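Report on the following structure.
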Amino acid sequence: MVTGDNINTARAIASKCGILQPGDDFICLEGKEFNRRIRNEKGEIEQERIDKIWPKLRVLARSSPTDKHTLVKGIIDSTVLEQRQVVAVTGDGTNDGPALKKADVGFAMGIAGTDVAKEASDIILTDDNFSSIVKAVMWGRNVYDSISKFLQFQLTVNVVAVIVAFTGACITQDSPLKAVQMLWVNLIMDTFASLALATEPPTESLLLRKPYGRNKPLISRTMMKNILGQGVYQLVIIFTLLFAGEKMFDIDSGRNAPLHAPASEHYTIVFNTFVLMQLFNEINARKIHWRKECL
């Protein structure tokens with residue numbers, strides 16, 4: 001917590017907010033002491049000195065806007081930990097502009113905040129309520145998960161459809177999935193699927209999960225396993241029906257039909273099976289993280 005208040009007042013508020021925990025090894029400093037520790041004999045700021053302080057620093061009282069910017073820059077430029085720290089800053093005054101702009105995520109107050117602070121920030125809290133930050137994080141993770149869910153579902157459909165259409169066209173000289181059928185799948189089923197997967201409300205369980213890394217790909221390993229596993233399953237079923245379906249159901253083979261002939265009973269079964277598997281896979285696509293509670 002960086003504030004201009006007295007250090008005793010700041011320490012008391014930090015204790016009530018949970019920033020200071022009993023038994024923790026922490027540091028509470030005033031602005032003058034902070035500057036004395038991070039500057040050398042020439043008055044220059046040294047990153048090595050900042051690295052010795054910020055991991056344990058919990059409260060910085062009687063600080064100036066320059067101290068806030070120095071602390072934010074020092075944490076971002078630090079190499080003490082293996083991963084670079086993501087810094088979020090809240091502010092409402094004009095002097096908070098540099099720190100808000102330097103931070104990875106800047107929160108400005110929509111009511112009490114100045115125009116300079118709003119322009120320098122990334123997110124504006126319209127109600128000036130800090131609990132809105134929790135809602136913003138929850139909704140942000142929900143939007144990210146919604147995109148991942150739809151990608152997991154859509155990629156499964158596309159991979160299976162492309163392989164079936166290409167392989168079927170090469171072997172039987174005509175694709176078992178016609179252009180009109182694929183258009184129906186994309187326009188009707190995928191549209192409703194995207195709405196269903198993208199309109200799920202956020203839950204508090206999203207806050208229990210660790211945040212995504214800066215360089216983490218949008219398609220995770222778990223998603224890739226789900227896509228490949230479901231794709232292989234669907235391809236096995238589709239090819240089984242395509243090349244042995246006429247014997248299983250005692251019907252005429254659609255593979256022997258003339259080119260561009262009307263849809264046969266055989267290929268109708270193949271298409272309906274394909275559509276039903278996508279509908280049930282939509283339920284599977286709602287899970288993109290493997291956790292013990294999924295069992």
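Quick note: the coordinates plus some simple rules give every number you see, no bench work behind them. Just so it is clear, the structure is predicted and the values come from calculations on it, not from any experiment. A quick note on method: Cβ atoms are made from the backbone with ideal geometry, for glycine too, and the neighbour counts reach across all protein chains shown.
The table below gives the values:
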item: Hydrodynamic radius of segment 7-133 per Kirkwood, over alpha carbon pairs, in Å; result: 15.5 Å
item: Global geometry of segment 62-139, whether rounded, prolate or oblate, following the gyration tensor of its Cα atoms and the 1.5 cut on a/c; result: oblate
item: Gaussian network model of the chain, Cα within-10 Å springs - most flexible of VAL162, VAL134, VAL270; result: VAL162
item: Along the chain, longest interval not containing exposed trypsin sites (Lys or Arg not before Pro), exposed being DSSP loop plus at most 12 other Cβ atoms within 10 Å; result: 57-208
item: DSSP-assigned coil residues among chymotrypsin sites (Phe, Trp or Tyr not before Pro) in segment 116-209, each with at most 12 further Cβ atoms within 10 Å; result: PHE130
item: Segment 53-80 and segment 139-169: distance between their alpha carbon centers, rounded to Å; result: 44 Å
item: FRET efficiency for ASN284 and ALA169, using Cβ-Cβ distance with R0 set to 25 Å, rounded to 0.05; result: 0.35
item: Prolate/oblate/rounded label for segment 137-294 (Cα gyration tensor, a/c 1.5); result: prolate
item: Among GLY23, GLY97, GLY106, residue whose mean-square fluctuation peaks in a GNM of the chain (springs only between Cα atoms under 10 Å); result: GLY23
item: Under DSSP loop assignment and at most 16 Cβ neighbours within 10 Å, longest GluC sites (Glu not before Pro)-free interval of the chain; result: 83-295
item: Calculated diffusion of the chain, Stokes-Einstein form, Kirkwood radius summed over Cα pairs, 20 °C and 1.002 mPa s, µm²/s; result: 90 µm²/s
item: Debye intensity ratio I(q)/I(0), log10, segment 15-68, q values 0.13, 0.17, 0.26 Å⁻¹ (C-alpha model); result: -0.35, -0.57, -1.09
item: Between helix 7-17 and the chain: long-axis angle, C-alpha atoms, 0 to 90°, nearest 10; result: 30 degrees
item: Amide hydrogen neighbours beyond the local backbone of LEU20, cut-off 5 Å, H modeled; result: SER15
item: Highest-fluctuation residue, ILE50, ILE171, ILE75 considered, GNM on the chain with Cα pairs under 10 Å; result: ILE171
